[in-house]
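The values are calculated or read from the model by the stated rules, or taken from the named source; none is laboratory data. The structure displayed is predicted, hence computed values, not measured ones. Cβ: placed from backbone, ideal geometry, glycine included. Neighbour counts: every protein chain shown. Note: areas computed on protein heavy atoms with side chains; ligands, DNA, RNA excluded. Shrake-Rupley method; radii C 1.70, N 1.55, O 1.52, S 1.80 Å.
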Amino acid sequence: MLTPIFGQSAKLVSVTAAAGVPEGADFQVKPMGYEYGVTLHFFVTGENMISFDEKSLKADGWKLGSFPKVGDDGSQASFAIQKKGNYLGKVDNLKVEGSVVLYTGGETKTLTQKMKVGDKVVEMGSFKVNTGKAKGSFGGEGVHVKGDIKKIKQVKVLQNGKELDRQGSSWSDGSKTFNFKGLKGEGEVEVTLIYWPDLKKTEVSFSK
């Protein structure tokens, strides 16, 4: 049975409500970020938080908002729930109770492998890794990882004895590309994966 994360509930931090604009209203004149209905934003604090299970929401009549977020250090997260309807002037009386599931990790393991930029895929534990430019990649050169990506805590790259700076990441075809400043050429690099071998599903409760 799942238990509330760290013995606490998510904190309600924002409520927005929008009534319907006239039918046929021009998209260009709709308010910025307009979405008909009511949205509740929640904030979570803890440790080793990784990502949300986006199919886990339990709240009758509500849906999970787009792009729930977890910070890079796993100590902060946020999500929103949404419901259609005109709730202008009615949000004070709005009541909801529910929960959503977060993936969390514990002890980490580290894998390190030397490889050539642009060379063939290398197996690192249960992950398949290569470096260089990915087909259809907007990030250019990077470290491309296939596997259970949510288990990855951190990726590091050493090139010519220097640790390269991370520059974001992107998803493509079931893999994730971790972009690094200065990663180029056909030289040898040392790639380190820090990952959680075991994940837990932890239930976060919320209410208004």
Original post:
Conditions: (1) farther than 22 Å from A19 by Cα; (2) open to solvent by less than 80 Å² (accessible area, probe 1.4 Å). V38 meets all but one. Number of the miss?
Top reply: (1)
Original post:
Looking at F127, is it assigned by the TED database to the domain that holds E47, of a type in the set (A, V, I, L, M, F, W, C), in contact with a Leu (Cβ under 7 Å, 6 or more places away or on another chain) and open to solvent by less than 80 Å² (accessible area, probe 1.4 Å)?
Top reply: no
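To keep it simple, each residue is scored yes or no on (1) without any contact (Cβ under 8 Å) to a residue 40 or more places away in the chain; (2) in contact with a Leu (Cβ under 6 Å, 6 or more places away or on another chain); (3) over 26 Å from D148 (Cα atoms); (4) not assigned by the TED database to the domain that holds E141.
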| position | (1), (2), (3), (4) |
| --- | --- |
| S75 | yes, no, no, yes |
| I81 | no, yes, yes, yes |
| L88 | no, no, yes, yes |
| D92 | yes, no, yes, yes |
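Of these, K58, K120, which one is open to solvent by 60 Å² or more (accessible area, probe 1.4 Å) and within 30 Å of A17 (Cα to Cα)? Give the derivation first.
Working: K120 fails: within 30 Å of A17 (Cα to Cα).
Answer to the check: K58.
Would it be correct to say that D53 is loosely packed, with under 14 Cβ neighbours inside 10 Å, outside the structural domain of V143 (by the TED database) and of a type in the set (D, E, K, R)? Before you say what the answer is, go through the steps one by one.
Values: loosely packed, with under 14 Cβ neighbours inside 10 Å: no; outside the structural domain of V143 (by the TED database): yes; of a type in the set (D, E, K, R): yes.
Against the criterion (loosely packed, with under 14 Cβ neighbours inside 10 Å, outside the structural domain of V143 (by the TED database) and of a type in the set (D, E, K, R)), D53 does not qualify.
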